[in-house]
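Below you'll find the structure, written out as structure tokens, and then a few comments.
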Amino acid sequence: MSFRKLVTAAALLGLPLSGCTSGFLPEGGPSQIAASQAATVQVGSTQEQMNLPFVLVAPSLELAHSLPGEPDRFGSLPRQKRDTVSAQIGDVVLVTIFEAGSGGLFTSPQAAGNSGGGGNYINLPAQQIDSAGYISVPYADQIKVTERSLTEVQEDIRKKLADRAIEPRVIVTIQEDRASLVSVIGSVKAGGQFPVRNTPMRILDAVAKAGGPEGTSRSLEVVLQRGSHSSRVSMRRLMMDPAANAAVLPGDTIYVQPVSRSLNVFGASGENLRVDIDVDNMSLTDALGRAKGFNDTRADISSIFVLRMEDRRALPADTENLAQFPGARVPTVYQIRYDTPGGIFVGNQFKVRHGDVVYISNAAGTQLRKLLELVGLVTRSAREVQGGFIPNY
């Protein structure tokens, strides 16, 4: 059979010509068969992927509204008792002792002049609380400071000096707060550690002390770490919602970071692309709008799918066979119809999240149209072959 007749028959019958035309017709890469045959070791199969279990959910308006979107405020963090007057190891404290009259244990004219006091009081040299939590006071020996209020420390010193000084009164103040600090790092202009003890401080206050954020609020996220727990919130939410601007405590770390959160839109959309989530609570309708809506000639708007790994607690408790998924996250496919007004309402309430895949199915007629286009291509190719476009060998 001549090459022309072979090509014509293959075009009409749809037969492969890989054996005769290898290297002659262009290819996009190795085929599935070629990859399987060339593999040294093969683990699993594509058939196993097709049989992976998942949950298919047609969300109601109530469920769509209740599903969480992007994390925009802090979750629960361990509560910590805030003692506004206690000192910690490493702090520098100043002890001031008053006596009822001059000429006492601490308030002789010479002692007052040497110590920076005047009249009937004296300021002892500032000292740092040692690793055991103590400071030293003349004639009162070692004084435990940590795990006690400053009022208790003052009273302890007073009692120990009562038999030596003239009706002593004691004031203990924290001169340098070196232990009760909050750290602010990341995308800020002047990160560092800042004292947070007697004056209540919130997240934005701490960020302001660090010179403010670098970048716009839409592209920044704040992570608050407290002990072994952490939570996050968008900078925009902090600025718009006072409830999200939580109080910080000593030992907290605030990390300001730029973020890029997105989802992918595939299938019969106006454009297949990655959509950046740059607004709070972006809905599925918003995401479809970014992808230029639906392709009028292909889309089945009754079959819009959102694929994600969902927190099992977010799914309805009566979901069938949910027990077969042992983990905390369940592979879930949400199907939302845009061919009814009710479905559009659901899509407006359904919040997309980072990592979602939105897939728009092709309408059933699309396959027929593809078949007709293929038939037209085959018959046109056959006519071109018969017309002598391919030389006879």
- When the Karplus curve 6.51 cos²θ - 1.76 cosθ + 1.60 is applied with θ = phi - 60°, which whole-Hz ³J(HN,Hα) does each residue of the range 166-172 get, with x for Gly and Pro? 8, 6, x, 10, 10, 10, 10
- Considering amide H positions built from the backbone, and no H for Pro or chain starts, which residues 5 or more places from G192, or on another chain, come under 5 Å of its amide H? V184
- Message: At a 10 Å Cβ-Cβ cut-off, how would you order T151, T253, T107, fewest neighbours first?
- Response: T151, T253, T107
- Note on the structure: Listed by chain and number, the residues whose amide H is under 5 Å from that of R202, excluding neighbours fewer than 5 places away on the same chain and using placed H, are V248
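For T366 and T40, what is the calculated FRET efficiency with R₀ set at 45 Å and r taken between the beta-carbons, to the nearest 0.05? Working shown, then result.
Values: r = 39 Å, r/R0 = 0.87.
After rounding to 0.05, the efficiency reads 0.70.
Note down the net charge around G270, summing +1 for each Lys or Arg and -1 for each Asp or Glu among other residues with Cβ under 15 Å from its Cβ. Let's see the in-between values first.
Numbers: positive: R274, R290, K292, R298; negative: E271, D286, D296, D300.
Net charge around G270: 0.
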- Task: May I ask for the distance between the Cα centers of the range 51-72 and the range 281-320, given as a whole number of Å?
- Result: 9 Å
- Task: Would you calculate the separation in nanometres between label points at E48 and D241, each defined as 7 Å from the Cα along the Cα-to-beta-carbon direction?
- Result: 4.1 nm
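Which shape class, rounded, prolate or oblate, goes with the range 92-176 when its Cα gyration tensor gives a ≥ b ≥ c as root eigenvalues, a/c under 1.5 marks rounded, and past that a/b bigger than b/c marks prolate? Working shown, then result.
Values: a/c = 2.15, a/b = 1.56, b/c = 1.38.
Judged from the Cα gyration tensor, the range 92-176 comes out prolate (a/c at least 1.5, a/b above b/c).
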- Any idea what log10 I(q)/I(0) is at q = 0.21, 0.25 Å⁻¹ for the range 181-256, Debye with uniform C-alpha scatterers and no solvent? -0.86, -1.24
- Query: For the range 29-38, what does the Karplus curve 6.51 cos²θ - 1.76 cosθ + 1.60, with θ = phi - 60°, yield as ³J(HN,Hα) per residue in whole Hz, taken in order and with x for Gly and Pro?
  - Reply: x, x, 7, 4, 5, 4, 5, 5, 5, 8
- Enumerate the calculated ³J(HN,Hα) couplings along the range 66-71 in order (Karplus 6.51 cos²θ - 1.76 cosθ + 1.60, θ = phi - 60°), each rounded to whole Hz, writing x wherever the residue is Gly or Pro. 7, 5, x, x, 5, x
- Note on the structure: Ranked from fewest to most other Cβ atoms within 10 Å of their own Cβ, D318, D311, D141 fall in the order D318, D141, D311
- Task: Quick one: which residues, 5+ away or cross-chain, put their amide H under 5 Å from the amide H of G267? H built at 1.01 Å from N.
- Result: I360
- State the extension gain, in nm to one decimal, for the chain segment bounded by E147 and H354, taking 0.36 nm per residue of separation less the distance between their alpha-carbons. 70.1 nm
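Can you put D286, D163, D91 in order, fewest other beta carbons within 10 Å first?
On the way: D286 16, D163 9, D91 22.
Exposure proxy ranking, most exposed first: D163, D286, D91.
Coordinate-derived values only; no laboratory data. Since the structure is predicted, the reported quantities are computational estimates derived from the model, not experimental observations. Virtual Cβ from ideal backbone geometry, glycine too; neighbours counted across all protein chains shown.
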